[in-house]
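Just below is one structure, and these are the notes that go with it.
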Amino acid sequence: MTEDRPEPPPPDTVHLSDPRALRAYAHPTRMALVGLLRREGPLTATRAAELIGESVASCSFHLRQLAKYGLVEEAGGGRGREKPWRATALFTSWDTASADPAAAEAAGALQRTVVDRYAALAARWLEGQGEESPAWRRAAGLDDTLLHLTAEELADLTARMDELTRPYLGRLGAGAERPAGSRPVLLVRMALPTDPPHATDPPHDGPAAGPTEESAR
């Protein structure tokens, strides 16, 4: 009899399980750097600093910390702060239902940082949308839909949504072909039950992956 094991994350995902890695990633500047490298990398610390509005010293430090946990790596060439860095994967995932208390606490802190980042990005869009074209104002925005689903149905719906976005992932990264008029768009998915947990609900034993950051995506 074989033991049931969680399926490994896909090869385009870096999975964080070490509480130290989870805590290291739970920093707004580090999330911004990983997202930037996924969209535009490889980049030097100097260029990254220009694009996210941080000091070169700060970016250089945070890139080294991210490299310790496998989120970024040196791309080869250059010296010191002029060596380029690249992201190691398109997505980041983590277990939101870990049995390890330290990992669960660190994952919770990371999720709160992610939510804060999403809120800041949404606020920035709302503040500047008056300068956007009517086409982009109609296409972008915030909405929600209330559904009655089982946990299995929600997992299936999530997988199908991932499949819808997959054809566009080839446009990420330096040198990628992109159609005229395209822009980086952060598609945020929030699937949150709106009522309290039911005591009669069966326990969920499988792993729950955390949100993918910036593709972040």
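The values are calculated or read from the model by the stated rules, or taken from the named source; none is laboratory data. The shown structure was predicted, so the numbers you read here are calculated from the model rather than taken from an experiment. Reconstructed Cβ throughout: ideal geometry from the backbone, glycine too, with neighbour counts over all protein chains shown. Note: areas computed on protein heavy atoms with side chains; ligands, DNA, RNA excluded. Shrake-Rupley method; radii C 1.70, N 1.55, O 1.52, S 1.80 Å.
Here is how the numbers come out for the structure above:
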| read-out | value |
| --- | --- |
| Residues (modelled with pLDDT of 95 or more, open to solvent by less than 70 Å² (accessible area, probe 1.4 Å), assigned to a loop (DSSP other than H, G, I, E, B) and hydrophobic (A, V, I, L, M, F, W, C)) located in region 134-189 | none |
| Those residues of region 38-51 which are within 20 Å of Thr92 (Cα to Cα) and open to solvent by 30 Å² or more (accessible area, probe 1.4 Å), in sequence order | Arg39, Glu40, Pro42 |
| Residue in region 92-107 that is nearest to His27 (Cα to Cα), counting only those that are free of Cβ contacts under 8 Å to residues at least 12 places away in the same chain and in a helix (DSSP H, G or I) | Ala104 |
| Filter result for Val34 (aliphatic (A, V, I, L, M) and open to solvent by less than 60 Å² (accessible area, probe 1.4 Å)) | yes |
| Phe61, sole failed condition from (1) touching a residue at least 40 places away in the same chain (Cβ under 8 Å); (2) of a type outside the set (Lys, Arg); (3) open to solvent by 50 Å² or more (accessible area, probe 1.4 Å) | (1) |
